[in-house]
1. Estimate the FRET efficiency between residue 207 and residue 236 by the formula 1/(1 + (r/R0)^6), using the beta-carbon distance for r and 25 Å for R0, to the nearest 0.05.
2. Can you tell me the length gained on complete extension of the stretch residue 95 to residue 192, counting 0.36 nm per residue apart and subtracting the Cα distance?
3. Taking θ = phi - 60°, what integer Hz values does the Karplus form 6.51 cos²θ - 1.76 cosθ + 1.60 yield along the range 117-129, in sequence order, with x for Gly and Pro?
4. Given R₀ = 25 Å, FRET efficiency for residue 103-residue 128 by Cβ-Cβ distance, to 0.05?
5. Once fully extended, how much extra length lies between residue 115 and residue 157, figured as 0.36 nm per residue of separation less the alpha-carbon to alpha-carbon distance?
6. Taking the Cβ-Cβ separation of residue 183 and residue 346 as r and a Förster radius of 22 Å, what is the calculated FRET efficiency to the nearest 0.05?
7. Each residue of the range 78-95 in turn: what ³J(HN,Hα) in whole Hz from Karplus with 6.51, -1.76, 1.60 and θ = phi - 60°, glycine and Pro shown as x?
8. Grab the other residues whose beta carbon is less than 13 angstrom from that of residue 383, score K and R as +1, D and E as -1, and report the net.
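The values are calculated or read from the model by the stated rules, or taken from the named source; none is laboratory data. Since the structure is predicted, the reported quantities are computational estimates derived from the model, not experimental observations. Because the Cβ atoms are built from the backbone with ideal geometry, glycine has one as well, and the counts that use them run over all protein chains shown. Areas reflect the complete protein model, heavy atoms only, side chains present, ligands, DNA and RNA absent. Shrake-Rupley method; radii C 1.70, N 1.55, O 1.52, S 1.80 Å.
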Amino acid sequence: MAAIGKSEGRAARGLRRLPQYVPPEDERNRRSYSKEERRQRRAKKFKLLSLGTGLDMPLFIFIMVLLAIGLVMLFSASYAYSYYTEGGNSYYYIQRQGIFAIVGVIAMLLISTFDYHRFHRIAPLLYVVAMVLLVMVLAFKGTSIAPMEGDANRWLQLGPINFQPSEVAKFALITLCAHYISQYIDKMGTFRYGVAHFAWMIGIPAALIYAENHLSATIIVLGLGAILMFLGGTKLRYFGAVGILAAVALIFLVTSKGGYQMDRINGWWHPFNPPPGVDTWQTRQSLYAIGSGGLLGVGLGQSRQKYLYLPEPQNDFIFAIVCEELGMVGALVIIILFSLLIWRGMYVSLHAKDKFGMLLGLGITFQIGIQAVLNICVVTNTLPNTGISLPFFSYGGTALLMLLGEMGVLLNISRSATVEKT
C-alpha cells in the first residue's frame, strides 16, 4: 500500500497514523528496530485486552454494560405506562425489548466474526436498498405499509416487522462514504471528489428523510456526512462553504414549512409559557422529572413522572426518568459510559488495518455519539424536541437490532486492529 503523500493535505495528516500492512520479508527494510519493537508492544497490549480472541474486550464490556443498564431503566420507566395501555401487562415493553436484545447480542457476536470488507464490496447496493426503503415510506404514506404517526411518516410495516428505514439509511450512508473515500483518498482535496460527489450521496437520503418530517434523523445524516467528509480530507474552504449553505437551507426549510416544526421551536423558547396552540406538556414533564431527581435521585423504580405524566416515558424521554430515579450522579455515570464507548470505538477505528475500516468504524462511533448527545439535549430542553431515541435505552426492537448489528461491525474491525494473526 502506497504511503500517503504530502499532496493529500489534511487528509494525509488525519490518516497518517493508520497502520499499514507490510509483508514480513520487507519489514526490516521498511522499519527501524525501535519502531518495530514499539509496534509489537502495542499489539501485545491489545491482545491482552482482547483475551486472545482478537475481540476488543473494553469495547465489548462498554456495549454490554450500557445495554444492561438500558434494559433495567426501560423496565422501570415503562411498567406503569405498559400496565395502563396494554391491558394490565406491565411487562409488555421489557419482554419485547429483552427478546430483541438477546437476538441482537447473538447477531452482534456473529457479525463480529464476518470480514467487514464485505461491506466494502456491497456498499453501493446497500445504499440503493436503503434509498428504495425511504421512497417506499413516502410512496405508501398513510397506508398499513407506511402508517402515519401524527404528522410524521417514518415507519414501514412489512408483515410482522415494523422499522424505520432511516436507521438503515444511516448505516448505508456511512458505508458508502467509507467506500468512496477509501477509493479516492488521493483526490479528496478537489472540489469534484471532495464535495460534488458527496452532494448526492448525502443529499438524497437527507431530502427523503426530511420529507418524512423526521428532522432529527435529517440532522444526523447531514452531521455524519460532514464528519466523514472532514475525515476524508475535504478542504476546509469547501467544507466551510458547504456547511454554511446546508445550515442556511435547513433553517429556511424549517421556518418556511411552518407547522409542527415551528411549533416545537416556539415551545423550546417558551416551555412554561408557550404560544397558543403549542403543546409543551412533554418537555415540561421532562424538566419536572429532571429537577425532582436532584443529586442522588428518588430511587430506582420510584419515579412519579412515569405514572402517565410524562407521555411514553419508555421512548425518546427515557433519560428524564433516569435523571429522576438515579439523580445527577446516575445521569453522569451513564454519560461517562457513553463517552467511554465513543472513546474506545475511536481508538479501535484509528487502529484499523486499512482506510475503509477506519472510516467505517469512526462513522458508526460518531453516529452513536451524535444520537446520544442530541437525545440528552432534547430531554433537557437544550435543543427543540425532535423525537430522537437514546441508544441502548429507548424502546424499539428493530432499532436495537440495527444498533447491535453496527456494534458487531465495530467489534469485527477490532479483531484485526493492530493485532498480528498467527
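1. Numbers: r = 25 Å, r/R0 = 1.02.
The formula returns an efficiency of 0.45 here.
2. 29.9 nm
3. Whole-Hz 3J(HN,Hα) from phi for the range 117-129: 5, 4, 5, 4, 6, 9, 4, x, 5, 4, 5, 4, 4.
4. On the way: r = 26 Å, r/R0 = 1.06.
For residue 103 and residue 128, the calculated efficiency is 0.40.
5. Result for the pair: 12.1 nm of gain on full extension.
6. That pair, residue 183 with residue 346, gives E of 0.45.
7. Per-residue couplings from phi come out as 9, 5, 5, 5, 5, 4, 7, 9, 10, x, x, 9, 6, 9, 4, 6, 5, 5 Hz.
8. 0
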